[in-house]
Amino acid sequence: MKSKIFLYLFVFAALIALYQFVSASNLQKALNSDIEGLEKQVTTLKDSVQQSQLKILDIQYFSLENNDDALAYYDHLNLENPVRYIEDKLLETNEQKGNNPLVPYDGMESDFKINKIKVLNHKWLLADFSDGKYWGDLVIKYELKDDLSVDFTLLDHLLYARSN
């Protein structure tokens with residue numbers, strides 16, 4: 001009787017060990033499959049990040065912040081951030097009552113005001129204007145003088161047609 005109990009315990013322990021072995025093997029296969037999928041996803045995401053970085057570099061190409069030759073024109077002024085200074089001076093033109101004086105259109109819904117600004121180099125900038133419903137773009141020539149005043153001259157403009 002004692003030997004039969006040991007035999008049953010041995011068989012039972014062998015079955016448990018076999019179950020554990022098969023279960024661990026299946027778990028390992030599933031984990032390896034997950035790892036391979038995640039590695040493929042990481043590769044795809046790295047490629048996506050690299051493409052995004054290249055697009056950002058293309059977008060930043062025409063930017064005063066990334067143009068050392070253009071920034072050299074402002075070295076003697078000791079401005080911490082010339083781009084921000086120029087943008088602030090342009091936005092100050094919005095403070096006048098009525099339309100912004102650089103926008104050659106009369107606002108239809110309200111007054112046209114400049115919203116976004118992209119300083120291209122030491123002479124030109126692009127600006128977006130809107131009255132809340134209608135919008136357009138401006139090409140502006142500017143001159144930052146030694147006394148830190150800024151003169152703005154409108155070079156070209158367009159007002160987008162409103163589509164319903």
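The values are calculated or read from the model by the stated rules, or taken from the named source; none is laboratory data. The shown structure was predicted, so the numbers you read here are calculated from the model rather than taken from an experiment. No Cβ is skipped: glycine too gets one built from the backbone with ideal geometry, and neighbour counts run over all protein chains shown.
Just a few scattered comments:
- Entry remark, region 1-44: residues being over 60 Å from the mean Cα position of the chain (by Cα), surrounded by 10 or more Cβ atoms within 10 Å (Cβ to Cβ) and of a type in the set (V, I, T) number 1 in total.
- All positions within region 84-117 that are under 25 Å from the mean Cα position of the chain (by Cα) and within 14 Å of F152 (Cα to Cα): Y85, I86, E87, D88, K89, L90, L91, I114, I117
- D58, sole failed condition from (1) touching a Pro at 6+ places or on another chain (Cβ under 8 Å); (2) without any contact (Cβ under 8 Å) to a residue 60 or more places away in the chain: (1)
- Flag if L79 is surrounded by fewer than 15 Cβ atoms within 10 Å (Cβ to Cβ) and aliphatic (A, V, I, L, M): no
- Among the candidates K89, K97, residue that is among the charged types (D, E, K, R) and out of contact with any strand residue (DSSP E or B) (no Cβ under 9 Å at 6 or more places or on another chain): K97
- In summary, A161 fulfils each of the numbered conditions (1) within 26 Å of the chain's Cα centre (by Cα); (2) of a type in the set (A, V, I, L, M); (3) modelled with pLDDT under 90 with the single exception of condition (1).
- Within region 102-125, the residues that satisfy the criterion of being under 15 Å from Y85 (Cα atoms), part of a strand (DSSP E or B) and not charged (D, E, K, R) are I117, V119, W124, L125.
- Those helices (runs of 4 or more DSSP H) of region 1-101 in which at least 1 residues are modelled with pLDDT under 85 and touching a helix residue (DSSP H, G or I) at 6+ places or on another chain (Cβ under 6 Å), considering only elements entirely within it, cover 2-60.
- Scanning region 124-140 for residues being of a type in the set (K, R) and at pLDDT 95 or above gives a total of 0.
- Residue within region 114-126 that is assigned by TED's automatic domain parsing to the domain that holds L71, in contact (Cβ under 8 Å) with a residue 24 or more places away in the chain and under 17 Å from A161 (Cα atoms) present: no
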